[in-house]
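The values are calculated or read from the model by the stated rules, or taken from the named source; none is laboratory data. Predicted model only: the values in this text are computed from it and were never measured. FYI the Cβ positions are ideal-geometry reconstructions off the backbone, even for glycines, and counts take in every protein chain you see.
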Amino acid sequence: MENFLNIEFIYTCMKYFVLVGISISTIELLYNWKSFQDDRLYSWKVIATRGYFSQKNMLHRLANFLLKYPNFIGVILLRLLIILLLVVPGIWGFSQAPLFLALVLTSLLINYRSPFGQDGSDQMSSIVIIVLFLYHINPENLIVAQAGVWFIALQSLLSYFTAGFFKAKGDKWTKNPTAVYMIFNTSTYGSKPIAGCLQNKQQAITFLTWSTVAIEVMFPLVLVTGYPGMIVFLGWGLGFHLMNALVMGLNSFLWAFLATYGAIIYCCMQLSGYWIF
């Protein structure tokens, strides 16, 4: 666990985990490149009709140039190239900040161009790479480095708490706890074998549903549990996201939130008195 007292190690973990997740999403975009053509589902001619593009200003002309087909495919390829440059160890003898800035800009363009189906993993990944950019401007600035780690940790914990809080307000999660079974029984995110195993087993369904809500709501307590108590929360989180990736296909969540776990461990150990000035 001593490595997690090294803030440079934390940012290195954050970097590689988030880049794996962004790589997956980028490759998925390239695989579906035809859908961005002018006569397909994600045509820029249709998306550009959104209200705030009605004015023919400089922003409109720039966005129209970068986001129309086939130029948008170039933006996707550029992001993939930036990722490859960032993952090659030792290739850059100077600051990586310009590369992270380019990654931030291309990611924002892609998120803006493809607003449909965005989820918490996309937002978390964007936040992480922005923090990485700020860190790499001056890695020697310990105050900025620590602030970035704390921001990522608190943002991650807030995401878990918010997800659990709003689940708790839903009847299918609390009053009539069948949400987990209903999710597994869908064609999009479900699994027929798991749904079959849970069928007519209300106690198991209730346990899985309620435990998901309870642990998500209590997840911020990881900061005060210390070591090894935090392993329980983080182990649950890893198992939760791994199951969602394998069963529901939500692989981007796994890497986006794993990128925040090093920061959570760092902050937990700091509050527990392990961190030394």
| query | What helices (runs of 4 or more DSSP H), lying completely within the range 180-277, carry at least 2 residues that are of a type in the set (A, V, I, L, M, F, W, C) and under 27 Å from ILE143 (Cα atoms)? | reply | 222-225, 229-243, 251-271
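Out of curiosity, is LEU158 surrounded by fewer than 19 Cβ atoms within 10 Å (Cβ to Cβ) and within 14 Å of the chain's Cα centre (by Cα)?
Yes; evaluated as a whole, the condition is true for this residue.
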| said: Could you go through the range 204-212 and let me know if any residue there is within 30 Å of MET269 (Cα to Cα), in contact (Cβ under 8 Å) with a residue 12 or more places away in the chain and not aliphatic (A, V, I, L, M). | reply: yes
| said: Give all pairs with beta carbons closer than 7 Å in which a residue from the range 78-97 that is more than 14 Å from VAL20 (Cβ to Cβ) meets a residue that is in a loop (DSSP other than H, G, I, E, B) and modelled with pLDDT under 80; count only pairs at least 6 apart in sequence or on separate chains. | reply: LEU85/ILE91
| task | Would you tally the residues in the range 228-263 being in contact with a Ser or Thr (Cβ under 6 Å, 6 or more places away or on another chain) and under 21 Å from VAL217 (Cβ atoms)? | result | 3
| message | So in the range 189-242, with the set limited to residues that are within 24 Å of LYS169 (Cα to Cα) and hydroxyl-bearing (Ser, Thr, Tyr), which one is surrounded by the most Cβ atoms within 10 Å (Cβ to Cβ)? | response | THR209
| query | So which helices (runs of 4 or more DSSP H) are wholly in the range 59-139 and hold at least 3 residues that are at pLDDT 90 or above and surrounded by fewer than 16 Cβ atoms within 10 Å (Cβ to Cβ)? | reply | 71-87
| task | Restrict the check to the range 215-231 and report whether at least one residue is touching a Gly at 6+ places or on another chain (Cβ under 6 Å) and among the β-branched types (Val, Ile, Thr). | result | yes
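If a residue must be of a type in the set (S, T, N, Q), over 18 Å from ASN244 (Cβ atoms) and either at pLDDT 85 or above or assigned to a helix (DSSP H, G or I) (or both), how many such residues does the range 148-177 contain?
1
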